[in-house]
Amino acid sequence: MNKLISSVSPHINSNSTTQKIMLDVVIALIPAAIASVIIFGARSLLVIGVCVAVCILSEWGFEKICKKENTISDLSAVVTGMLLAFNLPVSIPLWQAAFGSIVAIVVVKQLFGGIGQNFANPAITARIIMMTAFSGTMTSWVFPDASSSATPLALISKGQISGLPSYLNMFLGYHGGCLGETCTLALLLGGAYLLVKRVISWHTPTAFIATVVIMSFICGKDPLYQFMSGGLVIGAFFMATDYSSSPATKWGKIIFGIGCGLITVLIRFWGNFPEGVSFSILLMNILTPYIEKMTRAKPLTGGGKV
Amino acid sequence: MRLHGAKVPHKKNTAESKPVKIPVSKTVVIPMSMHIGKQARVTVKKGDNVKVGTLLGEQDGFISAPVHSSVSGTVAKIDEITMSSGMKVPAVVIETDGLQQKDDAVKPPEVKDFDSFINAVKNSGIVGLGGAGFPTFVKLNVKELEKIDAVIINGAECEPYITSDTRTMLDKTDYIFKAIDAVKKYMGVKRFIIGVENNKPQCVKKLSEYSKDDSLVEVRPLPAVYPQGGEKVLVYNTMKRIIPKGGLPLDVGVIVINVTTLAFIGEYLETGMPLVEKCVTVDGSAVKEPKNVIAPIGTPISDLLESAGGLKSEPYKIIYGGPMMGISVPSGEAPVLKMTNAVIAMDKKEAVPPKTTACINCGKCLNHCPFKLDPRAIARAYKTGSGEDLEKLCVDLCMECGCCSYVCPAKRPLVQTNKLAKSMLRNYINKKKAEEEENE
Ligand code: SF4
Ligand code: SF4
């Protein structure tokens, strides 16, 4: 007999790995990627490709320079790249997309310690920085085959209700917006996949979307429209559920979702920007450590009969 | 409320395998400490002839247990061996003669009241066979018997692979109920719950047949969610009572006893043969023919593996007990102990631990912990060395069940960290106490 391995229990592990989880997220994003090509044309693919490639490259490069272990195989950079691309207009100059990708990976993720350590969602933070830096190109909504150049939310906030697309077009994604956020159908498919695979739990998306819908109803806005426009669905399922930057506790997730929803409607209905999903998530990211502390389960210390 | 846990694979490959006696090994090594508490004091010397059931070591101190010979033969030497806990203990090494003659002193005990019952349990050498090895007579020696609302019989057997309790429930049902009768008679207990995971319907069926005319005994099928057989988990799931931190089941009016321990008591009352052999499940990816065997205590586990048709590939890891909480042994010479219920030999693929990656903060660990601990936060507090935080996070509550490590996608060694964090917390508390005393 050779020398036996001795180790602390447990001696078996589940087959879940970081890479498998990230692969599931990539799979869940594919319907929306396909939809973006159908709706906005092949250039979507180019933008997604550039973001993903630059994200992977910057992760690899940063880790190389800092002599850290290479982690690109965990696929988290691919997810960040896809999500960032989905949050850009299809007409974005490619060098700007590349710049955003570098910001997401190097500044927001790696400088804070890499996967699991970043307090803010890399894709969202990069998007917000890009909106400030390239406000012109970041808000030019070009449709390759139509004249519509404003997002439904921008129309609503300007009071141009008559120019709004139909519910069906909203649901299928035929309206102005970032390339991956418009097709509600594709995003719901991806979200359902993540729920079934237990990559995410229902708490955050449900709390987030329900808050927006209920508040819209109370404030006299069309709830269905609010649900399907802007980045709500992609934000609720894919960005607000980011492990590193959101609470891990169940009640924490619910509070996080409600907070995101409230800030979103606040900005949408009364703020200067037509859309507020990104800001709401970033703000709640900052509150995450406090929410977690507040909602940490009380250990089962017992005492007496129940 | 339901306690969390993990869905681990069952792998009950040997549930149908009736245990077979294996040939007696040439040499057996019987350690004097196979229980929690003070080790037994050796009562034999080199050259002594011993028989099956001969006392080798007597109980020493209040929490301790006697040790008996499992074979007939000659004492070759009194050796010192290192247990897998790292503790060095004396062990009696016996050259066997293969005759397996019974010691004349072995005869059914005379039991007529509570004290003689406890005495019989003590002399039988029985300890908690569920894994902990706590001397059973100490557990049963309750001063205020009226405090006991129920005895919970643990037949959950929630660890993957192991089926030795399954076999007890199927093959020794008579003895289980004989022991229940004794506990009723001498301890006045009025309620018994036998908890069995519902992945063992054959056990539930057989036990229910025996208990159907007995209103005091209830067979309770439980969901097959690991760690259903953890003492605190079982007490909560059957009685909805939470054992306080640092407390015992008796604090909430229950006694938990492993089903094989109980069956042994029933058998001992009838035969008087002390605990000298064990039914052991031999399984794992390196084992050719997984099966249940009956082996004398002290048999080297390599002989056990041999008896299970040998190995089909080089073992890389061998563990006592199940893969979730079992202890890895340094070599195949390690002997079968009183509480050994399984020996699992793993091939390279199963044995080599997966690569650890960075924590992704997914929260799986805290959402699967039965006690609602936060292993992720504990690991952070341990890293910063904060005893204060560890105290708040109640790491001392951790039963090391392994759910957190099992579910972690990053394969973090969370149980290992918890063990280290526990000792860090102990040091912190001791230091705090010492400082307080100084200030007084
Ligand atoms: S399960 Fe593992 S990766 Fe997930 S939070 Fe816990 S330690 Fe981190
Ligand atoms: S923290 Fe302890 S009790 Fe909780 S799952 Fe991990 S090992 Fe089990």
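Taken together, the values in this text are just the output of simple stated rules run on the coordinates, not laboratory data. It should be emphasised that the depicted structure is a prediction, and the values quoted were computed from it without experimental measurement. Virtual Cβ from ideal backbone geometry, glycine too; neighbours counted across all protein chains shown.
Rounded to the nearest 10 degrees, the angle from helix A:277-295 to the longest Cα principal axis of chain A is 30 degrees. Structural descriptor for chain A: relative contact order 17 percent, calculated from alpha carbon pairs under 8 angstrom and at least 6 residues apart. For chain A, the longest principal axis of the alpha carbon atoms and the long axis of helix A:18-40 meet at an angle near 10°.
Alpha-carbon geometry of segment B:276-348: the Rg and the Dmax are 10.6, 33 Å, given in that order.
A P(r) calculated from all alpha carbon pairs of segment B:315-402, with 10 Å bins opening at zero, reads 14, 33, 30, 22, 1 percent. Rounded is the label for chain B, because a/c, from the alpha-carbon gyration tensor with a ≥ b ≥ c as root eigenvalues, stays below 1.5. The ranking of B:CYS404, B:CYS279, A:CYS219 by Cβ neighbour count inside 10 Å, starting from the fewest, reads A:CYS219, B:CYS279, B:CYS404.
Using alpha carbons only, how many angstrom separate the centre of segment B:397-440 from the centre of segment B:154-196? First find each Cα centre; the distance between them is then 33 Å. Footprinting exposure proxy ranking of B:LEU216, B:LEU414, fewest other C-beta atoms within 10 angstrom first, gives B:LEU216, B:LEU414.
The lysines whose alpha-carbon is closer than 21 Å to the alpha-carbon of B:LYS143, local same-chain residues fewer than 8 away aside, are A:LYS305, B:LYS112, B:LYS122, B:LYS184, B:LYS185, B:LYS190. Candidate cross-link partners of B:LYS206 among the lysines, defined by an alpha-carbon separation under 17 Å and a same-chain spacing of 8 or more, comprise B:LYS18, B:LYS172, B:LYS178. Sparsely packed loop sites in segment B:332-407 (the trypsin sites (Lys or Arg not before Pro) outside DSSP H, G, I, E and B with at most 11 other Cβ atoms within 10 Å) comprise B:LYS355. Residues B:MET169, B:MET83 in ascending order of nearby Cβ atoms (within 10 Å, fewest first): B:MET83, B:MET169. Based on the reciprocal of the average 1/r between different C-alpha atoms, the Kirkwood radius for segment A:18-294 equals 18.4 Å. Loop-located trypsin sites (Lys or Arg not before Pro) across segment A:196-231 with a Cβ neighbour count of 13 or fewer within 10 Å are A:ARG198, with loop assigned by DSSP. Calculate I(q)/I(0) for the protein assembly as shown by the Debye formula, one identical point scatterer on each C-alpha and no solvent, and give its log10 at q = 0.08, 0.11 Å⁻¹ to two decimals. So the normalised log intensities work out to -0.75, -1.11. Going by a ≥ b ≥ c, the root eigenvalues of the Cα gyration tensor, does segment B:114-271 fall in the rounded group (a/c under 1.5), the prolate group (a/b larger than b/c) or the oblate group? Judged from the Cα gyration tensor, segment B:114-271 comes out rounded (a/c under 1.5).
Peptide B:309-318 shows a mean partner chain C-beta count of 2 within 10 Å per residue C-beta. Calculated on C-alpha atoms, the gyration radius of segment A:192-290 divided by its Kirkwood radius gives an Rg/Rh of 0.96. So which residue, out of B:GLY322, B:GLY246, B:GLY61, gets the largest mean-square fluctuation from a GNM of chain B using Cα contacts under 10 Å as springs? Maximum fluctuation in the GNM of chain B, among the listed residues, is at B:GLY246. For B:LYS139, the aspartates and glutamates whose Cα comes closer than 13 Å to its Cα, not counting residues fewer than 8 places off in the same chain, are B:ASP251. The GluC sites (Glu not before Pro) of segment B:36-114 that DSSP puts in a loop, and whose beta carbon has at most 16 other beta carbons within 10 Å, are B:GLU110.
Every Cα-Cα pair of segment B:364-439 was included, and the share exceeding 14 Å stands at 57 percent. Among the cysteines of chain B, B:CYS158, B:CYS203, B:CYS279, B:CYS359, B:CYS362, B:CYS369, B:CYS394, B:CYS398, B:CYS401, B:CYS403, B:CYS408 have no other cysteine beta carbon within less than 4.7 Å of their own. Relative to the longest principal axis of the Cα atoms of chain A, helix A:250-265 runs at roughly 20 degrees. Summary value for chain B: 17 percent relative contact order, contacts being C-alpha pairs under 8 angstrom separated by 6+ residues.
Rounded to the nearest 20, the size of the Cβ-charge dipole of segment B:276-423 about its Cα centre is 580 debye, with Lys and Arg at +1 and Asp and Glu at -1. When both bridge partners sit in segment B:114-271, DSSP labels roughly 5% of those beta bridges antiparallel. Taking chain B as a Gaussian network, Cα atoms linked when under 10 Å apart, which of B:VAL71, B:VAL225, B:VAL20 shows the biggest mean-square fluctuation? Result: B:VAL20 has the largest fluctuation of those listed. Looking at the protein assembly as shown, the DSSP beta bridges with both ends there are about 60 percent antiparallel. Shielding value for A:117-124 is 1, the average number of Cβ atoms from other chains within 10 Å of each residue's Cβ. Centre-to-centre, using Cα atoms only, segment B:111-149 and segment A:246-306 are separated by 52 Å. Using C-alpha pairs under 8 Å with a sequence gap of at least 6, the mean separation divided by the residue count of segment B:364-439 gives a relative contact order of 34 percent.
Note on A:61-74: average number of Cβ atoms from other chains within 10 Å of each residue's Cβ is 1.
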